[in-house]
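Okay, structure first, notes after.
The values are calculated or read from the model by the stated rules, or taken from the named source; none is laboratory data. Treat the numbers as computed from the prediction; the structure is a model and nothing was measured. Here the Cβ positions follow ideal geometry from the backbone for every residue, glycine too, while neighbour counts run over all protein chains shown.
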Amino acid sequence: MAKLYIGTNTKMVQTIAQSKAFLTKLGTLTADIPREQMELFVIPSYTSLESAGIICRNHGILLGAQNMCWEDTGQFTGEISPLMLKETGVEIVELGHSERRHLMGEDDAMVNRKVHAALRHGFTPLLCIGETKLQKMQGIADEVLRIQLQTGLFGVDRNPPPLRIAYEPVWAIGVDGEPATAEYAEQRHSTIRETLTTLFGKLGASIPILYGGSVNPQNALSLIAKPHIDGLFIGRSAWDAERFDAIIRMVLPCAMAK
Ligand code: 13P
């Protein structure tokens, strides 16, 4: 059965109190939507994880973490261990987000170590990939995506791995971003699908691929209507529960009809 994959990363924005209020409202608003039709996830700040986890479990929302260290324990000041995330009920770990790669200097090799650690601990990695504006202008977006997938997933031998891919072009993300057109996003998603099939064979085609980068109520439907776009990964437009619920309801029938 077709399913909608949809979620938000609240970045370094919501406090514990704000996360709790947001999740309680989102859970209540979406309570009537059967979760077999929709995988709904929220990725709050680390400090919110414990209290958010309780609300998520009560409302059929998957809890995610924004990053994770590849080591279980040790002298890694400022990092968060898979064991610590496990304690809070995290199920999804977002790895390689553009802001981690471009503001915090994460590279594909680090992302690859994190993917392995996540799989070892039974998390579902949400691997984020995307080209910069310069790479887009140079016409090498597809090459960049292939390299990010081949290196980020190097050595993963589970077939297919429990994995979500988020295609988030760097130039499309955030307040200064410009959303990709549905046509452009679909072309990149098709490259991603092909690469996953090369890596994992036929079963690789079943790995959900989400689009992220300035998704909003105006463009959400045209994006989800594309055959290779299985879901949406939303920032700002999802941080108000009512607005997020409205986007979900707008795109759900289209995702289900695929
Ligand atoms: P925006 O939707 O605010 O552009 O953020 C997207 C994103 O980075 C999701 O991880």
Go through the stretch 43-61 and give me each residue that's surrounded by 20 or more Cβ atoms within 10 Å (Cβ to Cβ) and outside any helix (DSSP H, G or I).
Ile43, Pro44, Ile61
Taking the stretch 79-130 and keeping residues over 16 Å from the mean Cα position of the chain (by Cα) and within 15 Å of the ligand (Cβ to nearest atom) leaves His102, Leu103, Met104, Glu106
Of the residues in the stretch 128-163, those that are assigned to a helix (DSSP H, G or I) and either modelled with pLDDT under 95 or among the small types (Gly, Ala, Ser) (or both) number 2
Output the residue which, of all residues in the stretch 8-35 that are within 16 Å of the ligand (Cβ to nearest atom) and assigned to a loop (DSSP other than H, G, I, E, B), is surrounded by the most Cβ atoms within 10 Å (Cβ to Cβ).
Thr10
Residue in the stretch 157-188 that is surrounded by the most Cβ atoms within 10 Å (Cβ to Cβ), counting only those that are within 27 Å of Ala117 (Cβ to Cβ) and away from the ligand (no atom under 16 Å from the Cβ)
Leu163
Filter the stretch 128-148 for residues that are surrounded by 19 or more Cβ atoms within 10 Å (Cβ to Cβ) and not β-branched (Val, Ile, Thr); the one that is nearest to Ile165 (Cα to Cα) is Cys128
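Out of Arg158, Arg146, Arg188, Arg193, which single residue is in contact (Cβ under 8 Å) with a residue 24 or more places away in the chain and touching a strand residue (DSSP E or B) at 6+ places or on another chain (Cβ under 6 Å)?
Numbers: Arg158 fails: touching a strand residue (DSSP E or B) at 6+ places or on another chain (Cβ under 6 Å); Arg146 fails: touching a strand residue (DSSP E or B) at 6+ places or on another chain (Cβ under 6 Å); Arg193 fails: touching a strand residue (DSSP E or B) at 6+ places or on another chain (Cβ under 6 Å).
None of the other options fit; the residue is Arg188.
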Could you tell me which numbered condition Leu40 fails, if it satisfies all but one of (1) over 21 Å from Asp230 (Cβ atoms); (2) outside any loop (DSSP other than H, G, I, E, B)?
(1)
Determine if the stretch 164-174 includes at least one residue that is more than 27 Å from Asn216 (Cβ to Cβ), of a type in the set (Asp, Glu) and either under 14 Å from the mean Cα position of the chain (by Cα) or not in a loop (DSSP other than H, G, I, E, B) (or both).
no
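Which one is nearest to the ligand (Cβ to nearest atom), of the residues in the stretch 205-258 that are of a type in the set (Phe, Trp, Tyr) and in a strand (DSSP E or B)? Explain how you work it out, then say what you get.
If we filter the stretch 205-258 for residues that are of a type in the set (Phe, Trp, Tyr), which is where we start, we get 211, 233, 239, 244.
Those left that are additionally in a strand (DSSP E or B): 211, 233.
Numbers: Tyr211: 10, Phe233: 5 Å.
In this case the residue turns out to be Phe233.
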